[in-house]
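These notes are about the structure you will find just below.
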Amino acid sequence: MRIYFFVLSLFFILSCAGAKEQGGDEKAIIPPPHINCPEGGNCSFELVKNSVLKLNYSDTGQMSPEIIEGDKIVVKYQYKKIPVKDVMDSGYSEYVYLEFDPKETQLILKDKELQKVKMIFGRICYCKGAMGYFPVYEGNLFLFHRYGNVQLRTSFKVNKVPQIIEQIDENINY
């Protein structure tokens, strides 16, 4: 079992080793290994240093995230479903955002503690009444940050809308 875990860990580390940084030191967009992306779509990570996650609210109470300059690191995960050919309004995306202090080397959070990193889930689609951004209050998060590497393991549930992404298990090198 230990050998299996070691080989699996080594695979994750090596699969991210070839990722290239784009946008200078401020932003790194890393294509994750395809093993962790649900079928029928594409996944991407964006890691934004020297930023914070600002949560804006409309007059109707709808939340929308904005990444602005600050002193933290923001992680943005996106799942984009491959649209159905010749079908209008078949676009579908899910997002997970969170921010953490770069001085933190390890975070282990559960349920309502997920709001310490402002974890939110977004579902954007032509889904009347079942889309938007929502705070995550149910789930687990393990984040390890050291020497330009972020290990992110989370499983979560948002009961307000259906979701495809219920877990993320990635190593992000920047």
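The values are calculated or read from the model by the stated rules, or taken from the named source; none is laboratory data. Note that this is a predicted model, so its numbers are computed, not measured. With ideal geometry, Cβ positions are generated from the backbone for all residues, glycine too; neighbour counts draw on all protein chains shown.
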* Please work out if residue 126 is free of Cβ contacts under 8 Å to residues at least 12 places away in the same chain and among the aromatic types (Phe, Trp, Tyr). => no
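For every residue, the table says whether it meets (1) more than 24 Å from residue 153 (Cβ to Cβ); (2) modelled with pLDDT of 90 or more; (3) of a type outside the set (A, V, I, L, M); (4) surrounded by fewer than 19 Cβ atoms within 10 Å (Cβ to Cβ).
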residue: 26; (1), (2), (3), (4): yes, no, yes, yes
residue: 62; (1), (2), (3), (4): yes, yes, yes, yes
residue: 68; (1), (2), (3), (4): yes, yes, no, yes
residue: 77; (1), (2), (3), (4): no, yes, yes, no
residue: 81; (1), (2), (3), (4): no, yes, yes, yes
* To do: Taking the options 172, 165, name whichever one is surrounded by 20 or more Cβ atoms within 10 Å (Cβ to Cβ), within 12 Å of the chain's Cα centre (by Cα) and in a loop (DSSP other than H, G, I, E, B).
  => 165
* Structure fact -> Screening 46, 94, 113 for residues that are under 21 Å from residue 166 (Cβ atoms), among the acidic types (Asp, Glu), modelled with pLDDT of 95 or more and touching a Lys or Arg at 6+ places or on another chain (Cβ under 8 Å) leaves only 94
* In this structure, is residue 117 touching a helix residue (DSSP H, G or I) at 6+ places or on another chain (Cβ under 8 Å), of a type in the set (Val, Ile, Thr), within 24 Å of residue 49 (Cβ to Cβ) and without any contact (Cβ under 8 Å) to a residue 60 or more places away in the chain? -> no
